[in-house]
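A short worksheet on the structure shown next.
The values are calculated or read from the model by the stated rules, or taken from the named source; none is laboratory data. Not measured: the values here are computed from a predicted model. When we count neighbours, we look across all protein chains shown, and the Cβ atoms used for this are built from the backbone with ideal geometry, even at glycine. Ligands, DNA and RNA are excluded from the accessible area calculation, which covers all protein heavy atoms including side chains. Shrake-Rupley method; radii C 1.70, N 1.55, O 1.52, S 1.80 Å.
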Amino acid sequence: MRAVRTTWRRRAAALGATALVAGPVLAVGPAQAQQPTVLRVALVQSIDHLNPFTASFASTAMIGRISWEFLTLASAEDNLPAPGLAESWTPSADGLTWTFKIRDTKWSDGTPLTARDAAFTFNRMMSDPAAREANGTFVEQFQTVTATDDRTLTVTLKKPQASMTALDVPIVPEHVWSGVTDMASPETDTVAKVGVGSGPFTITEYQTNQLVKMKANPNYWRGAPKVDELQFVKFDNADAAVNALNNGEVDLINRLTATQFDSLNGKPGITTNKAVGRRYDELLMNPGAQNFDRQPIGDGHPALKDVRVRKAIARAIDPATIIDKVLGGYGEAPGGIVPPVFKTYHYEPGPAEKYTFDLAAANAALDQAGYPKGPDGIRVGPDGRKLELRFTGHATRDYDQRVVKYVAGWLGEIGIKVIEKLVSDNEVDESTSAGNYDLALSGWGTNPDPDYILAKQTCSVLPATAGSTSSNAFFCDAEYDRLYALQAAESDITKRAEYAKQAQARYYDQAPSLVLDYKSALEAYRSDKFSSLTKQPVADGALMEQSGYWSFYGAVPAGEDAAAAGDSGGLPTGAWIAIGAGAVLVVVLVGVMVSRRGKSAGSDDDKE
């Protein structure tokens, strides 16, 4: 469907004015009403939840970021913290008390948005384990959260927390969510609960795992977007989504394979975007899933509890082949769980630590560890059980289908039989979160601040019950937790980065999962319908699954940019003013923090 170049509001206003002059002769009938500008987005990943307290898929995290504003968010320009609902923030000299000034704005239903909504959100997370499902790590050090008045939010901490300007927590309306007693209830995914927001668009329709419609929020504090409606349409596979883009049935698509991306390059009316990735793919190796009380859960193969087996598997995998043959070269070689795009915190193993592809060494390691090959060539553990490992992946992803084949071949060379298990996204999520897997493909989108992805590997996020997505790989290691805690409390960026790298080195060595690649974000959009979409970062970033909502908020229908004087950057003028003011504010506040604390503070499968 061709996009309408002028928004329906503007046309309606113009037509209304004409009608007033010309009288009833030019009255606008229903058949003449202009259609809203709609940006249709293809989703090739399932939708797990719309409930912002429990949604963990990248697709639904993206929708959540559009629906509900954060206190602060990563800027479009360079990922530095920028004002969201908080106009400003001030830490105490000891870093244990943070005061946020909440802007004067409204929810999409017209109800005033106050500091009490933010206090409700955080207090609900602090008191309800189910409300901590998606983002609970951000409140682990929270002592109290209070709204001293409508505009002032005060957070006191148990100990300093470096991620206080990067709290990736959607603030929800208290008048809607205070009546929810069960965060796992299906009602929390209904429009009645998720339809009131503070972001640039709000959810107006949800057809389970098929369609999410969002309309422009008239009360959005940065000003109305140029697009009237967003539609997120679920496709069973990327090929179908590419066909829809070619036919003009959708306007934006991501997660393209190298072949799909190359096929779209240069096509009339379509613009492609290759971006530096903030995501990584990983191979989960069940280290012995357990719950928070350290009780075993799931049915992982016992041999994988042995770190020597996990290390041998890591040596038997060739990321270079995966990047070359599966990603078509659109990826980077793996290291730590913070991708190199966030270079300050990225860990790169040295030659002595790196798992270099070496099948002979992997075979020797398993021989030495006491896993001999049987008559059929399959190794046997000390308990007499064969090393036959289920390999769970997403049936909808070309990446999974091909990687499973490569890995099965390599592991076969070292006496490990792989049993392929390609299932739906939700089945992968259910199996891995319940500990019912041996090997599995997963991946995470990471934030500019490293705390979230590092926290996902700590003992404190082990699930209370099986089925929670709170822990990435069921990893629980005292040394890792010690290093994580050091980085979490360190406000000096240089020192914090060193602790963060040491924590990643420990994780890498213990191998509860193995990063396979940092894939490039391969995307395409109908540039004959939308002249620009804002990247994050603006120079070379992605359009979808950002640490914010910039692409959708900054979408400019074709032709609109020429009519918008001074709107050369893709975002509405008011937004640039706000961002510019935010950048100034950040600089000022960082300066204040430096002066008051003597050091600066730290600045959002496939999950988030």
Per the rule of 0.36 nm per residue minus the C-alpha distance, extending Lys405 to Thr321 adds in nm 29.0 nm
Arrange the peptides 207-214, 273-280, 261-268 so that the one whose residues have, on average, the most other Cβ atoms within 10 Å appears first.
273-280, 207-214, 261-268
Packing-wise, with mean Cβ within 10 Å as the measure, how do 200-206, 425-431 rank, highest first?
200-206, 425-431
Length gain on complete extension for the stretch Asp528 to Thr152, per 0.36 nm per residue less the alpha carbon to alpha carbon distance?
130.8 nm
Pull out a ≥ b ≥ c, the square roots of the eigenvalues of the alpha-carbon gyration tensor of the stretch 389-502, then state rounded if a/c is under 1.5, prolate if not and a/b is larger than b/c, and oblate in the remaining case.
prolate
Whole-Hz ³J(HN,Hα) for each residue in the stretch 548-554, computed from phi via Karplus 6.51 cos²θ - 1.76 cosθ + 1.60 with θ = phi - 60°, x for glycine and proline: what do you get?
x, 10, 4, 4, 6, 5, x
Of all accessible surface on the stretch 330-430 at a 1.4 Å probe, what whole percent is carbon and sulfur?
53 percent
Please report, as a whole percent, how much of the solvent-accessible surface of the stretch 503-558 comes from carbon and sulfur atoms (probe radius 1.4 Å).
47 percent
Helical contribution to [θ] at 222 nm, DSSP H n ≥ 4, -39,500 (n - 2.57), averaged over the chain, rounded to 500
-8500 deg cm²/dmol
Per residue, how much accessible surface does the stretch 445-507 expose to a 1.4 Å probe? Answer in Å², no decimals.
29 Å²
May I ask you to order 61-70, 362-371, 292-301 by the average number of other C-beta atoms within 10 Å around their residues, highest value first?
61-70, 362-371, 292-301
The stretch 259-386 - accessible surface per residue (Å², probe 1.4 Å)
46 Å²
Show the residues, 5+ positions off or on another chain, whose built amide H is closer than 5 Å to the amide H of Val250.
Leu245
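Assuming a ≥ b ≥ c are the square roots of the Cα gyration tensor eigenvalues, decide whether the stretch 300-343 counts as rounded (a/c under 1.5), prolate (otherwise, with a/b larger than b/c) or oblate.
oblate
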Area of Arg506 that stays accessible when all protein chains are in place (1.4 Å probe, Å², to 10)
70 Å²
Residue-wise HN-Hα coupling along the stretch 330-343, computed from phi with Karplus coefficients 6.51, -1.76, 1.60 (Hz; x: Gly, Pro)
8, x, 10, 5, x, x, x, 7, 9, x, x, 4, 9, 5
Work out, step by step, the length gained on full extension between Val191 and Ala364: first 0.36 nm times the residue separation, then minus their alpha carbon distance; give nm to one decimal.
56.6 nm
Gyration tensor over alpha-carbon atoms, the chain, equivalent ellipsoid semi-axes in Å
42, 29, 21
Applying the Karplus parametrisation 6.51 cos²θ - 1.76 cosθ + 1.60 with θ = phi - 60° to the phi angles of the stretch 114-121, what ³J(HN,Hα) value in whole Hz is obtained for each residue in order, glycine and proline being reported as x?
10, 4, 5, 5, 5, 4, 4, 4
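Would you mind telling me the antiparallel percentage of the DSSP bridges in the chain, rounded to 5?
Here the share of antiparallel DSSP bridges comes out near 80 percent.
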Let me make sure I get this right: for the stretch 60-136, a, b and c are the square roots of the gyration tensor eigenvalues over alpha carbons, sorted descending. Under 1.5 in a/c it's rounded, otherwise prolate if a/b > b/c, else oblate. Which is it?
rounded
If amide H atoms are built 1.01 Å from N in the plane of the peptide, which residues on other chains or at least 5 residues away come under 5 Å of the amide H of Ser520?
Gly331, Glu332
Name the residues whose placed amide hydrogens come within less than 5 Å of the amide hydrogen of Phe142, ignoring near sequence neighbours (fewer than 5 apart) on the same chain.
Lys158
